[in-house]
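The values are calculated or read from the model by the stated rules, or taken from the named source; none is laboratory data. Keep in mind that this is a model prediction, so the values were computed, not measured. Note: ideal-geometry Cβ built from the backbone for every residue, glycine included; neighbour counts use all protein chains shown.
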Amino acid sequence: MKEGRKSVMGGVPESLPALIKAWRIQDKAKQVGFEWDNIEDVWKKVEEELNEFKEVAKEGDVDKMEDEFGDLLFSLVNYSRFLNVDPETALERTNQKFLKRFRHIEEVAIAQGRQLTDMTLGEMDAIWNEAKKK
């Protein structure tokens, strides 16, 4: 720890986006040995957090769901870190892919003279699957 800092986490800016902040927090913890030994244990933690989230989701308590969903995301960031996959980049890539496919649905609807609100989920999903093939 650098002189003058009271916490190992002192160098993690509060202003960071949550995914990047989670990565940095975990990296700081790793620097002092607070780290899983292997990736299999990390995945077990992801599964544990997913199961905990599913349990509280049944109750419908939003505060508990947010807590558990946050734990799940944090554990997924940890798993991504073990794989050297940047979670921010991965999520943004998925955002862009979703937008491209959704715009395709909109274009097809316009070409058919239809409104999305008049289409069934099945119809939109079929067009979505066409977009996935492109």
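Taking only pairs six or more apart or across chains, which ones have beta-carbon atoms under 9 Å, a first residue in region 59-76 that is within 16 Å of Ala18 (Cβ to Cβ), and a second residue that is of a type in the set (S, T, N, Q)?
Phe74/Gln26
Name the pairs: first residue in region 93-114 and within 16 Å of Ala126 (Cα to Cα), second residue exposed (fewer than 11 other Cβ atoms within 10 Å of the Cβ) and not charged (D, E, K, R), Cβ to Cβ under 7 Å, at least 6 apart or on different chains?
Short answer, once both residue conditions are applied: Ala109/Gln115.
What's the number of the only condition in (1) within 28 Å of Lys132 (Cβ to Cβ); (2) at pLDDT below 95 that Val32 fails to meet?
Only one criterion in (1) within 28 Å of Lys132 (Cβ to Cβ); (2) at pLDDT below 95 is unmet by Val32, namely (1).
Are any of the residues in region 32-42 small (Gly, Ala, Ser) and surrounded by 11 or more Cβ atoms within 10 Å (Cβ to Cβ)?
Within region 32-42 (the criterion being small (Gly, Ala, Ser) and surrounded by 11 or more Cβ atoms within 10 Å (Cβ to Cβ)), the answer is no, since none of the residues qualifies.
Would you please name the residue that is nearest to Lys134 (Cα to Cα), looking only at residues in region 101-116 that are β-branched (Val, Ile, Thr) and more than 28 Å from the chain's Cα centre (by Cα)? Steps first, please.
Step one: of region 101-116, the residues β-branched (Val, Ile, Thr) are 105, 108, 110.
Pick out the ones that are also more than 28 Å from the chain's Cα centre (by Cα) and you get 108, 110.
On the way: Val108: 14, Ile110: 19 Å.
Among those residues, the one meeting the criterion is Val108.
Can you confirm whether region 47-55 contains a residue that is of a type in the set (A, V, I, L, M, F, W, C), assigned by TED's automatic domain parsing to the domain that holds Tyr79, under 17 Å from Leu72 (Cβ atoms) and touching a helix residue (DSSP H, G or I) at 6+ places or on another chain (Cβ under 8 Å)?
Applying the first criterion (of a type in the set (A, V, I, L, M, F, W, C)) to region 47-55 yields 50, 53.
Narrowing the set further to residues that are assigned by TED's automatic domain parsing to the domain that holds Tyr79 leaves 50, 53.
Now restrict to residues that are under 17 Å from Leu72 (Cβ atoms): 50, 53.
This time we only want the ones that are touching a helix residue (DSSP H, G or I) at 6+ places or on another chain (Cβ under 8 Å), so: 50, 53.
Yes, the conditions are met somewhere in region 47-55.
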